[in-house]
1. Output the number of residues of the range 1-23 satisfying the condition of being of a type in the set (S, T, N, Q) and either in a helix (DSSP H, G or I) or surrounded by 15 or more Cβ atoms within 10 Å (Cβ to Cβ) (or both).
2. Which one of Leu40, Leu49 is touching a Pro at 6+ places or on another chain (Cβ under 9 Å), surrounded by fewer than 15 Cβ atoms within 10 Å (Cβ to Cβ) and either at negative phi or modelled with pLDDT under 90 (or both)?
3. Cys26 passes all but one of (1) of a type outside the set (Gly, Ala, Ser); (2) at pLDDT 90 or above; (3) assigned to a loop (DSSP other than H, G, I, E, B); which number fails?
Amino acid sequence: MPTYRITNRITKERAQVDAPFAQTACELLGWMIGNCHVELIREGPYSDLSKRPMVISPKQQGGENEP
């Protein structure tokens, strides 16, 4: 799981959090993502594959709906 170093832009508090996403790390601290400066310290695999980012493949060329 990735490790993030989060700094609250308002209070200047700092914390290091293991979370699958930066927004989740901020929420675990009770901070809004807009108030956080996020640094990725260590990348890691996702612990829950259903929460990983969805990859959208480009449309196939030459489909029936093309003019």
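1. Step one: filter the range 1-23 for residues of a type in the set (S, T, N, Q), giving 3, 7-8, 11, 16, 23.
From the residues that got through so far, the ones that are either in a helix (DSSP H, G or I) or surrounded by 15 or more Cβ atoms within 10 Å (Cβ to Cβ) (or both) too are 3, 7-8, 23.
Qualifying residue count, the range 1-23: 4.
2. Numbers: Leu49 fails: touching a Pro at 6+ places or on another chain (Cβ under 9 Å).
Sole residue among the options that is touching a Pro at 6+ places or on another chain (Cβ under 9 Å), surrounded by fewer than 15 Cβ atoms within 10 Å (Cβ to Cβ) and either at negative phi or modelled with pLDDT under 90 (or both): Leu40.
3. If we test Cys26 against (1) of a type outside the set (Gly, Ala, Ser); (2) at pLDDT 90 or above; (3) assigned to a loop (DSSP other than H, G, I, E, B), just (3) comes out false.
The values are calculated or read from the model by the stated rules, or taken from the named source; none is laboratory data. Predicted, not measured: the structure shown is a model, and the values here were computed from it. Because the Cβ atoms are built from the backbone with ideal geometry, glycine has one as well, and the counts that use them run over all protein chains shown.
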